[in-house]
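The structure under discussion appears below in the form of C-alpha cells.
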Amino acid sequence: MQARRILPEGAALLLLPALTGWLGGVAVQLQQRELDAWPVYMAFVLLALLLLGLVATQFIAFRWRAVGVLMALGLLAFGTTGLRASVFQSQALAAELEGRDLTLTGLIAAMPQRSDSALRFRFKVEEAQLDGKRVKLPPLVYLGWYGGAWRSEGGQAELQRAPAQVQAGERWKMNVRLKAPHGGLNPHGFDFELWLWEQGLQATGYVRAGQKDPVPERLAATGQYPVEQLRQHVRDAIFNRLATPEPGQDPRAAVRLAGIVAALVVGDQQAIDRADWDVFRATGIAHLMSISGLHVTMFAWLATLLVGWLWRRSSGLCLAWPAPHAALTGGLLLAIAYAVFSGWGLPSQRTVWMLATVTLLRLSARQWPWPMVWLLVCAVVVALDPWALLQPGFWLSFVAVGILFASNSGANNTYAERAKGDKGTKLSERMVSQIVRMLREQWVITLALVPLTLLLFGQVSVVGLAANALAIPWVTLLVTPLAMLGVLWAPVWDLAALAIAAMSAVLTPLAALPFATLSTAQAPLWAALAGLLGGLLLVMRLPGSLRLAGLPLLLPVLLWQAPRPAPGEFALLAPDIGQGNAVLVQTASHALLYDAGPRFSRESDAGHRVLVPLLRALDVRLDTLVLSHRDIDHIGGAPAVLAMQPAAELISSIEDSHELQLIRPARRCEAGQRWRWDEVDFEVLHPQPQDYEVATRSNALSCVLRISNGRQTVLLAGDIEQPQERKLVNAAKALEQERGATQTAAQLKADVLLVPHHGSKTSSSDIFLDAVAPTLALVQAGYRNRYAHPAPPVLARYEQRNIQVFDSPRCGAAAWRSDQAAQVTCQRDKAQRYWHHRLP
C-alpha cells in the first residue's frame, strides 16, 4: 500500500498563512463601497507577485516568510477580485438604453421559468439594435414575458400577447425594454442585486408583446445549451405525468407534487409552491427540497459506494487501478454530472469544488490536518466564486463541515473515507451504519448551527431535528432515487409523488404546531460568533465541565432584543417594497404597520418577500395593521402579515365583502378615531363616515393617519388625491375658525409626510403642501415603474418649498426617528457596495 504523506511542517507554516491571506483579501475587497480604477488592482497584483518572489528567493528572513506569504496572498486576492469586478462592471447596461425599445437577437440560455403571471428566462444577446442601429448590451440579460394580461405603460393599458412555448437553446428575435439590475434593499433582507451580479446578469427587462409591437419571432432551434434542453424536456415530462389530477384528486395538489419532483430532479426550485416552502422552512428541511450541497454530497457518496462495489466485481480492474481510487473518481465524476444536470447552481458548484479538492488530496495519498483541509476547500471555492463569501448558504455549509470535523463526527468519516468500506461488510450493512452516523451528525449540526441560523434568518425550527430525522433518509434514500429513476421510466415518478405526499402528511401538522419555530431578533455579529462558539463547545468531545461552558455563550444570541424607541418617542421604517406602500411605526412597547405593500404574482408578494422577514428580524409583534384602502399595491402582502401576526387588529377602509375580511374582520377607519401608545398620539383624519356612501374610487377612501408626540408629527396619506387633500385642508380651516390657529397645526401640519399616491400628478397639490408644510417627504415607488411615479411636476412642487424628498429607488429602506428628526437613514447609503445600482 502507498503510505500516506503528512503535510511537511515547513509547508504547513506557509500554507496556513497563504490560505488565510487569500480569504482575508477577498473579504476586504467585498467591503468596498465603490470599485477603484483597474490600474489600482493591477498594482496590488504586481506587488503581491513581487512579495512572493522575495519569499521564493529566500530574500525575506525565515521568521518573516509566513507574514510575507499572508500579505502577498491577501494582496493577490484583493487585486484579482477587484479586476474581475472591474471587467464585469465595464459591460454594464448604458443608462441611455434603459426604457428604450430594443430589438434583440439571441439564444434562450437556460430552462425558462413559468409562473401564473409571466415566463422568465435568461437571454444571451447576440445582436441588439436601437432604431435600426447596433448598440452594445451586456452579454446576458434576464427577461420576463408578461402575456395574456393588461399591462399599463405610460398611463395607458394594453393587452399583451401570451408567451409562446420557449425552449432552451432556441434563437429568438424580440423587442424588449431593459433596465439596470435594481432590487429592493432592506435591513436583513435578500440582496437581489448581489444575486444578479453573482449570476452574471447585468440587466433585467421584459418582452414587448403588445398588440402594436412586432411579434416575437422564433428564428431557429440550435444545438447550443444541450443540458438545459434536456432539463426542460425532463421537467415538462414530469408535469405532463404528474400535474394531471386523478379522479377525486385536488388539481392544485397534483401540480404541487409535480413541482417538488421537478425541483429534486432538475433543480427547478421555482416549481415548488409557496405554501410548500413555508412548511419546509418551518420544519427545517428546506435544504432537502432543492439541489443543495447535501444532495450532491449524498449523491457522491452513493455513487462512490456503487462504483466501488462494481469495480470490486472484476479482479482485472482492481489490478489495473485500486478500487478505492476508482470509487472516489467515479463518485466525483457522477456527482459533477448530477450537479450539471440539476442546473449547476452555485451551491452545487461549491460542493463539487469541495469534493474535487478532497478527492485530489486522497488520490495523492496526502493526509492533512482537518483545519488545513477545511481552509483549502474554502479558499478554492472563494477563488472560483469570490462573492460566495456573502451568501448564507456558503456559511451554513462550511461552518457545518467545520463543526463535524471539530466534533470528530466527520474528521475521520468524510465522503472519501466512507467510500472504502470493509470488504467483509455487506453494502446494506454499511448503508445502515452510514444512516445512523448521519442522524448523529444531523443532531450535532442542528444544535451547533442554531446561533448562525438565527443570525442569518432570525428563525430556527424547533421541530427541525425530528423532521430531519424522518426526512433525510426518506428524501435521500427513497424520494430522490425514485425521482431520478423516473427519467429512465416515467411511471416511477408516480411512486416518488406518493412518497412526497406521505412525507407531507407528517410534516404539515408539525409545521402547524404553535412552537414549530423559534424567532428572535437578529443579533449583531459579535453575539452570533459567541453563540457559534458556545454551540461548538456543546458538541465537541470535551470534558463535561468544558462543554457546559458553552451554555452562557448562547445567551446573547438567544436573548438579544432589538433597540426600541424611548417612551415618548417613535420611529418609522419605510421598507423598499417596490411600487406600493408599507410603513412600520414603533413606539416603546407597541408597533403599527401602515399598508402591506404590493402583490407581484400569485406566488410572490411584499409580505412574504420583505415584511415577514423584516418583522421577524426585528422581533416585532404588531398591535395594529392599517390598510389604507383596497388597491393591490397596498394590501398585497396583508395575508402573509396577518398569518404571521395573529394578535394584530385590522383597521381599513376595505368593503365588508372583501376577501381579507375572511382572514380577519376589519374595523372601519373613520376620521376622529384616536388612541395613545407610550405618550405618542395616533389619529385618523380621513375618510369621514359619509365618504363611504358617496366615494366611487378606492383612493378616495384612503385612511390618513397622523402620528405625533407633541414635538414631531408624521402624516401617512395613502393614495388620497387632490379632492381629498382639499377636504383635509378645508377641515383644518374650519377648526381654525372654530378653535383658533393652534388647532390647525395640530390637525394637519407635519414634519414628515408620506407623499400621497406615490407622487402621482393627481396628488400633492399646492394648497395641501402649504398646509402640511413638511420638512421631509418619503416616496415609496418602484424603480422605473410603469406609472412614472413620482411625477416631475410633483417633485418640482416639493423642491420649490425646500422639502427634502427621499424616494425608495435612491434611498432603499428609509428610517426616521423622532429623537433625530432632522435626518433620514437610507439603506442604500448605509449598506452600499459596488455591485449595488446607484442612481444620480
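Of all residues in segment 688-717, those satisfying the criterion of being touching a Leu at 6+ places or on another chain (Cβ under 8 Å) and modelled with pLDDT under 95 are 691, 692, 695.
Taking the criterion of being over 26 Å from residue 795 (Cβ atoms) and at pLDDT 80 or above, the residues of segment 722-763 that qualify are 731, 733, 734. Of the residues screened, residue 248 is not one that is open to solvent by less than 40 Å² (accessible area, probe 1.4 Å) and not hydroxyl-bearing (Ser, Thr, Tyr).
Scan segment 180-196 for residues that are more than 13 Å from the chain's Cα centre (by Cα) and not in a loop (DSSP other than H, G, I, E, B) and the total you get is 0. Look at residue 35 and say whether it is within 30 Å of residue 601 (Cα to Cα), assigned to a loop (DSSP other than H, G, I, E, B) and either open to solvent by less than 40 Å² (accessible area, probe 1.4 Å) or in contact (Cβ under 8 Å) with a residue 60 or more places away in the chain (or both). It is false that residue 35 is within 30 Å of residue 601 (Cα to Cα), assigned to a loop (DSSP other than H, G, I, E, B) and either open to solvent by less than 40 Å² (accessible area, probe 1.4 Å) or in contact (Cβ under 8 Å) with a residue 60 or more places away in the chain (or both).
Condition first: open to solvent by less than 30 Å² (accessible area, probe 1.4 Å), assigned to a loop (DSSP other than H, G, I, E, B), touching a residue at least 24 places away in the same chain (Cβ under 8 Å) and of a type in the set (Ser, Thr, Tyr). Can you find one or more residues in segment 711-723 that meet it? Before you say what the answer is, go through the steps one by one.
Keep residues of segment 711-723 that are open to solvent by less than 30 Å² (accessible area, probe 1.4 Å), which gives 713-721.
Narrowing further to those that are assigned to a loop (DSSP other than H, G, I, E, B): 717-721.
This time we only want the ones that are touching a residue at least 24 places away in the same chain (Cβ under 8 Å), so: 717-721.
From what is left, the residues that are of a type in the set (Ser, Thr, Tyr) are none.
No, there is no match, as no residue in segment 711-723 is open to solvent by less than 30 Å² (accessible area, probe 1.4 Å), assigned to a loop (DSSP other than H, G, I, E, B), touching a residue at least 24 places away in the same chain (Cβ under 8 Å) and of a type in the set (Ser, Thr, Tyr).
For segment 590-622, how many residues are part of a strand (DSSP E or B) and touching a His at 6+ places or on another chain (Cβ under 7 Å)? Count: 0.
Would segment 732-750 turn up any residue that is in contact (Cβ under 8 Å) with a residue 60 or more places away in the chain, more than 30 Å from residue 204 (Cβ to Cβ) and surrounded by 14 or more Cβ atoms within 10 Å (Cβ to Cβ)? Write out each step before concluding.
Pass one, segment 732-750, residues in contact (Cβ under 8 Å) with a residue 60 or more places away in the chain: 747-748.
Then keep just the ones that are more than 30 Å from residue 204 (Cβ to Cβ); that gives 747-748.
Narrowing the set further to residues that are surrounded by 14 or more Cβ atoms within 10 Å (Cβ to Cβ) leaves 747-748.
Yes: one or more hits.
When residues of segment 306-324 are filtered for being open to solvent by less than 50 Å² (accessible area, probe 1.4 Å) and either aromatic (Phe, Trp, Tyr) or in a helix (DSSP H, G or I) (or both), how many remain?
Total satisfying the criteria: 6.
Against the numbered list (1) closer than 23 Å to residue 652 by Cβ; (2) open to solvent by 10 Å² or more (accessible area, probe 1.4 Å); (3) in contact with a helix residue (DSSP H, G or I) (Cβ under 6 Å, 6 or more places away or on another chain), residue 757 comes up short only at (3). Here segment 499-526 is the region considered, the condition is being closer than 23 Å to residue 239 by Cβ and touching a helix residue (DSSP H, G or I) at 6+ places or on another chain (Cβ under 9 Å), and the residue that is most open to solvent (accessible area, probe 1.4 Å) is 508. Scanning segment 765-782 for residues that are within 17 Å of residue 839 (Cβ to Cβ) and either modelled with pLDDT under 95 or surrounded by fewer than 21 Cβ atoms within 10 Å (Cβ to Cβ) (or both) returns a single hit, 782. Picking from residues in segment 541-579 that are outside any helix (DSSP H, G or I) and more than 31 Å from the chain's Cα centre (by Cα), the one that is surrounded by the most Cβ atoms within 10 Å (Cβ to Cβ) is 569. Determine, yes or no, whether residue 87 is surrounded by 14 or more Cβ atoms within 10 Å (Cβ to Cβ) and among the hydrophobic types (A, V, I, L, M, F, W, C). Spelling it out, it is not the case that residue 87 is surrounded by 14 or more Cβ atoms within 10 Å (Cβ to Cβ) and among the hydrophobic types (A, V, I, L, M, F, W, C).
Within segment 116-132, the set of residues being within 21 Å of residue 200 (Cα to Cα), open to solvent by 20 Å² or more (accessible area, probe 1.4 Å) and at pLDDT 95 or above comprises 122, 124, 125, 126, 127.
Output the residue which, of all residues in segment 197-233 that are in a strand (DSSP E or B) and β-branched (Val, Ile, Thr), is most open to solvent (accessible area, probe 1.4 Å). Before you say what the answer is, go through the steps one by one.
Filtering segment 197-233 for residues in a strand (DSSP E or B) gives 204-207, 210, 217-221.
Among the residues that remain, those that are also β-branched (Val, Ile, Thr) are: 204, 207.
Working: 204: 19, 207: 2 Å².
Per the stated criteria, the residue is 204.
Would you check if there is a residue in segment 331-344 being hydrophobic (A, V, I, L, M, F, W, C), part of a loop (DSSP other than H, G, I, E, B), open to solvent by 30 Å² or more (accessible area, probe 1.4 Å) and at positive phi? Within segment 331-344 (the criterion being hydrophobic (A, V, I, L, M, F, W, C), part of a loop (DSSP other than H, G, I, E, B), open to solvent by 30 Å² or more (accessible area, probe 1.4 Å) and at positive phi), the answer is yes, since at least one residue qualifies. Here residue 113 meets the list (1) under 17 Å from residue 383 (Cα atoms); (2) open to solvent by 40 Å² or more (accessible area, probe 1.4 Å); (3) not hydrophobic (A, V, I, L, M, F, W, C) almost entirely, failing just condition (1).
Residues in segment 575-613 that are out of contact with any helix residue (DSSP H, G or I) (no Cβ under 7 Å at 6 or more places or on another chain), hydrophobic (A, V, I, L, M, F, W, C) and modelled with pLDDT of 95 or more: 583, 584, 585, 588, 591, 592, 606, 610.
For residue 533, the criteria (1) open to solvent by less than 50 Å² (accessible area, probe 1.4 Å); (2) without any contact (Cβ under 8 Å) to a residue 40 or more places away in the chain; (3) in contact with a Leu (Cβ under 7 Å, 6 or more places away or on another chain) hold in every case but one, which is (1).
Filtering segment 623-647 to residues that are aliphatic (A, V, I, L, M), within 27 Å of the chain's Cα centre (by Cα), closer than 29 Å to residue 516 by Cβ and surrounded by fewer than 20 Cβ atoms within 10 Å (Cβ to Cβ) leaves 642, 643, 644.
Got a sec? Which of 135, 141 is farther than 18 Å from residue 217 by Cβ, among the hydrophobic types (A, V, I, L, M, F, W, C) and either modelled with pLDDT of 80 or more or under 26 Å from the mean Cα position of the chain (by Cα) (or both)?
Numbers: 141 fails: farther than 18 Å from residue 217 by Cβ.
After ruling out the rest, the residue left standing is 135.
Flag not set for residue 362, criterion: open to solvent by 50 Å² or more (accessible area, probe 1.4 Å), part of a loop (DSSP other than H, G, I, E, B) and modelled with pLDDT of 80 or more. Report yes if residue 269 is within 30 Å of residue 513 (Cβ to Cβ) and touching a helix residue (DSSP H, G or I) at 6+ places or on another chain (Cβ under 9 Å), otherwise no. It is true that residue 269 is within 30 Å of residue 513 (Cβ to Cβ) and touching a helix residue (DSSP H, G or I) at 6+ places or on another chain (Cβ under 9 Å).
The values are calculated or read from the model by the stated rules, or taken from the named source; none is laboratory data. Note that the coordinates shown come from a computational prediction; the quantities given were computed from them, not determined experimentally. With ideal geometry, Cβ positions are generated from the backbone for all residues, glycine too; neighbour counts draw on all protein chains shown. Ligands, DNA and RNA are excluded from the accessible area calculation, which covers all protein heavy atoms including side chains. Shrake-Rupley method; radii C 1.70, N 1.55, O 1.52, S 1.80 Å.
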